[in-house]
Amino acid sequence: MSDPDVLTRAAAAYDGRSIPPGAQETTWRAADGQLIRRLDWPQPGKARGALLFAPGRADFYEKHLSVLYEWHAAGWHVSSIDWRGQAMSGRLGLDATTGHADDFAPWVADLAAFWRSWQADAPGPHVLVGHSMGGHLALRAVVERQVRPDALVLVAPMLGLNPGWVPSTVLHPLGNLVARLRQRHQPAWKWERGLVPLSNMRMQLLTHDDVRFADEDWWYEQRPDLALGPPSWGWIAAALASIRGLDRRGALESVDVPVLLLGTTADRLVSWRAIRRAAARIPKAELVTFGSEARHEILRESATVRQRALDAVARFLDRAAPARDHSQAQAQAGD
């Protein structure tokens, strides 16, 4: 099992406001030529395995460098990517601030193509970790047999939108109707980014940790192109369509890889009820539940919450994706 003291020392040694030495920022070219930003942080010696982190909507890997640092300190080869149309990998809407999507399928295709290339080069076992929208896309890629990790970790995955008590069969057609009436490329609400007090509404949605919340604005100052505002009505309709696809009978029941889900009952962005239902439907699922102590960004929460989450992930990966010895690696290479 990974030594929690190693993770604690790593967290204390790194403030999350620089690209760590040894980590490389490059680009990956998708099949249609779209350049997508990537981060790769290999181990200097033998790796515990390889972990690919998929961030959420309007997200970027810089926000999550502290947790990537901790996984790297535990021996993992760590990578992360932007989603096309987010962070510094272009835009899909009519302006630079609206997060638009006509369909989630291109994101799933990007993940599948990147995974094949990344898996061939990275040491096993291979783990996929997805946060929020990234968790939704990671799970959908597994359901559609486009990606097959040795283990899948979903952190506050977007498996339903609030209000969670309204079924996707109702929300999906309603979302389509609103998108037609309001125009699909239009933002769902008004937004103007700027430095804001740490007590603002956005922090109330994301984390109790004011330092980690402030990290996000620090990165916006250093790299203004990271900023992305509200989703478009088209994104909302596409999200509801994709969620409804996962809700269909037999979809989650077909998942045959070990899955760890982390969710909080206090989440005001994604549906906790949907996460709980998914955990009951996935055959090899484990669920770790947080309460009012955790908001949506569980891995960017207060130290106690974050450590509990990291410990749960470490224990899960020790069971589901144990380190391979030399003979196992040779056998796999010969297959």
Check your understanding: Taking N as the number of residues in region 222-299, what is its Cα Rg relative to 2.2 N^0.38 Å?
Key -> 1.32
Revision key, fill the gap. Taking only protein heavy atoms and a 1.4 Å probe, the highest-to-lowest accessible-area order of Arg249, Arg17 is Arg249, Arg17
Review point. Can you list the equivalent-ellipsoid semi-axes of region 87-129, largest first and in whole Å, using the square root of 5 times each Cα gyration tensor eigenvalue?
Key: 28, 11, 8
Exercise for review: Using a 1.4 Å probe and ignoring any ligands, DNA or RNA, find the accessible area of Lys63 and quote it in Å² to the nearest 10.
Suggested key: 20
Check your understanding: Using the Cβ atoms and a cut-off under 15 Å, what net charge is assigned to the surroundings of Ser254, where Lys and Arg are +1 and Asp and Glu are -1?
Key -> +3
Point to revise | Contact order normalised by residue count of the chain, Cα under 8 Å, 6+ apart, percent | key: 20
Exercise for review: Express the carbon and sulfur contribution to the solvent-accessible surface of the chain as a percent, rounded to the nearest whole number, probe 1.4 angstrom.
Suggested key: 53
Check your understanding: Tell me, what is the per residue accessible area of the chain in Å², probe radius 1.4 Å?
Key -> 43
Exercise for review: Report the local net charge at Arg324: Lys and Arg +1, Asp and Glu -1, summed over other residues whose C-beta lies under 12 Å from its C-beta.
Suggested key: 0
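The values are calculated or read from the model by the stated rules, or taken from the named source; none is laboratory data. These figures come from a predicted structure and were not determined experimentally. In this analysis, Cβ positions are derived from the backbone assuming ideal geometry, glycine residues included, and neighbour counts consider all displayed protein chains. Keep in mind that these areas ignore ligands, DNA and RNA; they rest on the heavy atoms of the full protein, side chains included. Shrake-Rupley method; radii C 1.70, N 1.55, O 1.52, S 1.80 Å.
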